[in-house]
Amino acid sequence: MNRILLSASALVAVPALAQTSPPQPPQAATASPSSPPVATTIAPPSVVPPVAPRRHKPSPAELRVRTANAKATQEPATPAFVNAVQVYPYSEGVLYRLLAAPERVSDIALQPGEAIVSVAAGDTARWTVGDTTSGAGESRRVHILVKPFATGLSTNLVITTDRRAYHLQLDSTPATAMAALSWTYPQDEMIAIRRQQAAAEAARPVAAGLAVERLDFGYVVAGDRPAWRPLRAFDDGRQTFVEFPASVGVGEAPPLFVIGDRGEAQLVNYRMSGRFYVVDRLFDTAELRLGTKKQVVVRISRTGIDRRRQRRTS
């Protein structure tokens, strides 16, 4: 029993001793010795040398196109200015230069009476392209207005109308702009002159000194019907006149043969005056022949021979 009590007292005494023992001072943290810091070297980024852009070597076809464009380009010329308007002579396939500038509008004036079909520009983001008209009726005229947004721009402009096509090269400069440009039309002028000459020729008498009362229209035109088939034939008792349609001057004129008494074809002297063949003699039958393999033949026969003879003897 005493042993048990001792054991119990011993068990009780142990925690009491544990509670009364002074607390141990905190141990100071001691840093473990470490090796000295090692300097880190950062390598600079590698410098890549700039690569020069590879120059494009134009192909022979490109060189040919550049040469053709350069030769076809027509530049503004001092003698061609009418006040501030550059007047180019129009020719198909020519590139016409137009110099423009920012904040300046350049006017492209078309031929009076000409109607636009379409307008197309290569650079529509940096160029303003519009159109307007002036005048009315036959003098109504279309104007194409262009303006660049910046200097140093280059593009092309194509204008198609009911008469022709225009090709322009547009370049923008810092401050120099063409106020307007237009064209003369040499081919149209030549056509107008030829039409006037043809009209004057048609209005000119076929022969001088013709007496209307002596004209004999007793001729019959028969045979094939080509485009040049004569409208009629007549004579004045001395010469025979064969009248053709107006289109005879466009195509090939058929030769004239006089048919003899035995049916043989004979060449005869004649000349063309406007729309007429003037034959320096009278004939009973003649033929206009054209072609070789499939020959076109138009026969001109005289009628009323007895009436003619009576007229000659009267």
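The values are calculated or read from the model by the stated rules, or taken from the named source; none is laboratory data. Everything numeric here is computed off the predicted structure, so don't read it as measured data. Cβ: placed from backbone, ideal geometry, glycine included. Neighbour counts: every protein chain shown. Quick note on the areas: whole protein, heavy atoms, side chains included, nothing else; ligands and nucleic acids left out. Shrake-Rupley method; radii C 1.70, N 1.55, O 1.52, S 1.80 Å.
Among the numbered conditions (1) without any contact (Cβ under 8 Å) to a residue 40 or more places away in the chain; (2) open to solvent by 80 Å² or more (accessible area, probe 1.4 Å), the only one that SER59 does not meet is (2).
In the range 263-282, of all residues being in a loop (DSSP other than H, G, I, E, B) and either farther than 16 Å from PRO230 by Cα or charged (D, E, K, R) (or both), the one that is most open to solvent (accessible area, probe 1.4 Å) corresponds to ASN269. In the range 107-135, the residue that is most open to solvent (accessible area, probe 1.4 Å) out of those that are among the charged types (D, E, K, R) and in contact with a Leu (Cβ under 8 Å, 6 or more places away or on another chain) is ARG126.
For the range 107-118, the criterion of being aliphatic (A, V, I, L, M), within 17 Å of the chain's Cα centre (by Cα) and part of a loop (DSSP other than H, G, I, E, B) is met by at least one residue. Taking residues in the range 112-126 that are over 13 Å from ARG164 (Cα atoms) and among the charged types (D, E, K, R), and partners anywhere that are open to solvent by 60 Å² or more (accessible area, probe 1.4 Å) and in a loop (DSSP other than H, G, I, E, B), the pairs with Cβ atoms closer than 8 Å and at least 6 places apart or on different chains are ARG126/PHE149. Against the numbered list (1) loosely packed, with under 15 Cβ neighbours inside 10 Å; (2) modelled with pLDDT of 90 or more; (3) of a type outside the set (S, T, N, Q); (4) more than 30 Å from the chain's Cα centre (by Cα), VAL221 comes up short only at (1). Of everything listed in (1) exposed (fewer than 15 other Cβ atoms within 10 Å of the Cβ); (2) touching a Ser or Thr at 6+ places or on another chain (Cβ under 9 Å); (3) assigned to a loop (DSSP other than H, G, I, E, B), the single unmet condition for GLU103 is (2). Scan the range 247-262 for residues that are open to solvent by 50 Å² or more (accessible area, probe 1.4 Å) and free of Cβ contacts under 8 Å to residues at least 12 places away in the same chain and the total you get is 3. The residue list ARG271, ARG275, ARG262 contains one member that is more than 42 Å from the chain's Cα centre (by Cα), among the charged types (D, E, K, R) and within 14 Å of THR240 (Cα to Cα), which is ARG271.
So that you can scan it fast, the table gives a plain yes or no per residue for (1) free of Cβ contacts under 8 Å to residues at least 60 places away in the same chain; (2) more than 23 Å from VAL117 (Cβ to Cβ); (3) among the hydroxyl-bearing types (Ser, Thr, Tyr):
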position: LYS147; (1), (2), (3): yes, no, no
position: ALA150; (1), (2), (3): yes, yes, no
position: THR155; (1), (2), (3): yes, no, yes
position: HIS167; (1), (2), (3): no, no, no
position: ASP171; (1), (2), (3): no, yes, no
position: THR176; (1), (2), (3): no, yes, yes
position: ILE191; (1), (2), (3): yes, no, no
